[in-house]
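This report concerns only the one structure given below.
Only the coordinates and a few stated rules stand behind these numbers; no lab work does. If you're wondering where the values come from, they're calculated on a predicted model, not measured in any experiment. We place every Cβ from the backbone using ideal geometry, glycine too, and count neighbours over all the protein chains shown.
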Amino acid sequence: MNRSTSEQLYQEALQHIVGGVNSPSRSFKAVGGGAPVFMNRASGSKFWDEDGNEYIDYLAAYGPIITGHAHPHITAAITKAAENGILYGTPTQLEIKLAKMLKDAIPSMDKVRFVNSGTEAVMTTIRVARAYTKRSKIVKFAGCYHGHSDLVLVAAGSGPSTLGIPDSAGVPKSIAQEVITVPFNDLDSLRIALETFGEDVAAVMVEPIVGNFGMVMPEPGFLEGLCKLAHDNGSLVIYDEVITAFRFHYGSTQTYAGLSNHEAIMPDLTALGKIIGGGLPIGAYGGRKHVMEQVAPLGPAYQAGTMAGNPASISAGIACLEVLSAEGVYDEMERLAIRLADGLQESADRNGILLTINRIRGAFSTHFCNHKITNYDEAQDTDGEQFASFFRHMLNRGINLAPSKYEAWFLTTAHTDADIDATLEAAEASFRAMTA
Ligand code: PLP
């Protein structure tokens, strides 16, 4: 496959844009380096690059594009919004409509506030939790990604009773000292952390279903235990559902049919993003009324945004949720995901390649290993070089995956059986080439 134009554009981009990319996850650093593919156009399940090569896309822009690229209902909504003026700086009726749609689908959200990204949404839930509890520390789980604000770019210390160390230059040690990191699916470590830091802990924050070190389900009882331990300690529970809300069903983890005991897994605050903007920039956070009343103009916790609630993002979000609310869309994404994941597993087995697939309805992750993936350590202990090789073989056969062994494959409402057939053919050829 000739990608010489992408290579030229990458050299040009390097002259002007730091690292040639506007988000580090788009670089190919984790898969051996070189030029990322410069895409020119997208429609449905497909991408075309600057050299005219066609790809089937499973990146879905890291999640938001759940209805496929350029979905006509979303495009029409954005066009209408653009014609009516793209930014007002005043409230609009549209914001009420999307807020109601979120509240109807996510029972713990009595009140909502729109922001511009998942990072902002998470960052503000932390501020609100701190304002409400008048405490400062946060417990988070290793490998969960919560955006790029200072407080959540902190890695684990050496155990549940130690404080974090900065994961990024530019994050002061004093900020990392406010964060305790414990392993996902490990209630004992959470218990020790809460016993150690007790009344200093404002909130326990979690991706309740993980999307950032593969797709990982909470083990039975984990979320119930987490909520109980946090609440017994007087701490709030924050769910980061930037990836997971509206991903597996029309709602969030707290009402996901794959988990029981929904009352016992209700968070106090939830952060949203990605899907709820239909592909335009958005974030939202919300939660129980008495907690959300901390937020300005009602309360002392300040948060604001020039672009927040802009009519284009809100219109795209409404249109996206309208598409997702139709009967059967999630079942169909799951049907295709089962075909694809099962086919990949069979193909890997046939070629003697060790592969573990974690699938949750229409999304899954591929781990080159022969053990289960239930936490970050297990996800790290997989063969990155083999993933890189698979990634490149698939790309050369027209399959666009995320360039990282930790990221998910996302099915969309635009994928078809023909896409799955073509992807399985590419995978068989890739596995064969990897073992040749
Ligand atoms: N939270 C989770 C779970 C995410 O996966 C992400 C982004 O991938 C974020 C927060 C940050 O969202 P954004 O990139 O919109 O700032």
Q.
Please list 3J(HN,Hα) in residue order for segment 109-120, calculated via the Karplus relation 6.51 cos²θ - 1.76 cosθ + 1.60 where θ = phi - 60°; whole Hz, with x for glycine and proline.
A. 9, 6, 9, 10, 9, 8, 10, 10, 7, x, 4, 4
Q: At 0.36 nm per residue, minus the direct Cα-Cα distance, what do N40 and N396 gain on full extension? Give it in nm, one decimal, please.
A: 126.5 nm
Q. Which angle from 0 to 90°, rounded to the nearest 10, does the C-alpha axis of helix 311-324 make with the longest principal axis of the chain?
A. 70
Q | Electrostatic dipole magnitude of segment 72-324 [Cβ: Lys, Arg +1; Asp, Glu -1; Cα centre; debye, to 20] | A | 540
Q) Which FRET efficiency, nearest 0.05, do N370 and S149 yield, Cβ-Cβ r, R0 35 Å? A) 0.45
Q: Would you compute, from DSSP H runs of 4+ residues alone, the mean residue ellipticity of the chain at 222 nm, taking -39500 (n - 2.57) per run and dividing by the full residue count, rounded to the nearest 500?
A: -11000 deg cm²/dmol
Q: Please give the peptides 170-183, 266-279, 20-33 ranked by average Cβ packing (other Cβ atoms within 10 Å per residue), highest first, as a rough proxy for protection.
A: 266-279, 170-183, 20-33
**Q.** Mean separation of Cα contacts under 8 Å, 6 or more apart, over the residue count of the chain: relative contact order %
**A.** 21
Q) With a 10 Å Cβ neighbour count serving as the proxy for reagent exposure, in which order, fewest first, do T374, T306 appear? A) T306, T374
Q.
Using the basic label-point model (7 angstrom from Cα toward the beta carbon), what is the Q380 to T90 distance in nanometres?
A. 5.3
(Q) Assuming 0.36 nm per residue, please report the length gained on full extension of the stretch E199 to A418 beyond their Cα-Cα distance. (A) 73.3 nm
Q) Quick one: helix 4-16 against the long Cα principal axis of the chain, what's the angle to the nearest 10°, folded into 0 to 90? A) 40
Q. Highest mean first, what order results for 51-59, 397-405 on Cβ atoms within 10 Å?
A. 397-405, 51-59
Q: Place +1 on the Cβ of every Lys and Arg and -1 on the Cβ of every Asp and Glu in the chain, take the dipole about the Cα centre, and give the residue among C320, S45, M101 whose Cα lies farthest towards its positive end.
A: M101
Q. Using alpha-carbon pairs under 8 Å, 6+ residues apart, how would you state the relative contact order of segment 335-436 in percent?
A. 32
Q | Label zone at M1 (point 7 Å along Cα-to-Cβ), backbone N below 15 Å, segment 393-409 | A | 393-404
**Q.** Proxy reagent accessibility, fewest Cβ within 10 Å first, across S325, S365
**A.** S325, S365
